[in-house]
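Below is one structure, written out as structure tokens; the observations come after it.
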Amino acid sequence: MTGLLLGILLSRTVSGVVGAVFGWRVMYQAAAVSVALIGLVMWRVLPRFAVHSTLSYPQLMASMAHLWQRYPALRRAALAQGALSIAFSAFWSTLGVMLSEHYHMGSAVAGGFGIAGAAGALAAPLAGGLADKFGAGKVTQMGAALVTLSFALMFM
């Protein structure tokens, strides 16, 4: 999880610097090229395996309804993570516009926020240890409280 979060947040830093130096179009072009290259590499290196399920894709998606109904913990986790994902996206989607319009700062400054976020991502192992000690529900509640507090502070 730490690696995933670091990748997401530090990519914001890289894109901010590239956008400031070369323009935002260059970042999108570089991303398109990198996705194509990674796709080719994955096509070559990922193992081939036989499909074991005879269900169609719509049937597989429908089978998830059973999991949703049967496991309340799954519902709570999905809803909590969905709400946190919305908050995360709302922050990063509006950060550049807010910094530009209100503070006359560019994309490189917005990218700098990714470095601060990356420091927070390094706390993922700490959260895992806390979840082992106090339970996942408590850690999720603490995380949601921290996100709420962070948004309140940024709003001020």
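The values are calculated or read from the model by the stated rules, or taken from the named source; none is laboratory data. Only a predicted model underlies this, so the values are computations on that prediction, with no experimental measurement involved. All Cβ positions, even for glycine, are placed from backbone atoms using ideal geometry, and neighbour counts span all protein chains on display. Areas reflect the complete protein model, heavy atoms only, side chains present, ligands, DNA and RNA absent. Shrake-Rupley method; radii C 1.70, N 1.55, O 1.52, S 1.80 Å.
Could you grab the pairs with beta carbons closer than 8 Å, sequence gap of 6+ or different chains, first residue in the range 11-23 and under 18 Å from Ala116 (Cα atoms) and of a type in the set (D, E, K, R), second one open to solvent by 30 Å² or more (accessible area, probe 1.4 Å) and part of a helix (DSSP H, G or I)?
Pairs that qualify, where the first residue is under 18 Å from Ala116 (Cα atoms) and of a type in the set (D, E, K, R) and the partner is open to solvent by 30 Å² or more (accessible area, probe 1.4 Å) and part of a helix (DSSP H, G or I), are Arg12/Trp92; Arg12/Phe113.
Within the range 24-46, how many residues are over 22 Å from Gly112 (Cα atoms) and either among the charged types (D, E, K, R) or at pLDDT below 95 (or both)?
1
Out of curiosity, is Arg44 surrounded by fewer than 10 Cβ atoms within 10 Å (Cβ to Cβ), in a loop (DSSP other than H, G, I, E, B) and not small (Gly, Ala, Ser)?
Here the answer is no, as Arg44 does not meet what is asked.
Of all residues in the range 48-71, which are in a loop (DSSP other than H, G, I, E, B) and either within 27 Å of the chain's Cα centre (by Cα) or modelled with pLDDT of 95 or more (or both)?
Result: Tyr71, single match.
Within the range 6-24, is there a residue that is out of contact with any Cys (no Cβ under 8 Å at 6 or more places or on another chain) and not in a helix (DSSP H, G or I)?
The answer is yes, given that some residue of the range 6-24 is out of contact with any Cys (no Cβ under 8 Å at 6 or more places or on another chain) and not in a helix (DSSP H, G or I).
Results for (1) open to solvent by less than 70 Å² (accessible area, probe 1.4 Å); (2) within 18 Å of Val14 (Cα to Cα); (3) not in a helix (DSSP H, G or I), shown as yes or no for each residue.
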| residue | (1), (2), (3) |
| --- | --- |
| Gly82 | yes, no, no |
| Ser93 | no, yes, no |
| Met98 | no, no, no |
| Val139 | yes, no, no |
| Ala145 | yes, no, no |
| Ala152 | yes, no, no |
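Checking the conditions here, which among Leu60, Leu55, Leu4 is in contact with a Ser or Thr (Cβ under 9 Å, 6 or more places away or on another chain) and open to solvent by 80 Å² or more (accessible area, probe 1.4 Å)?
Leu55
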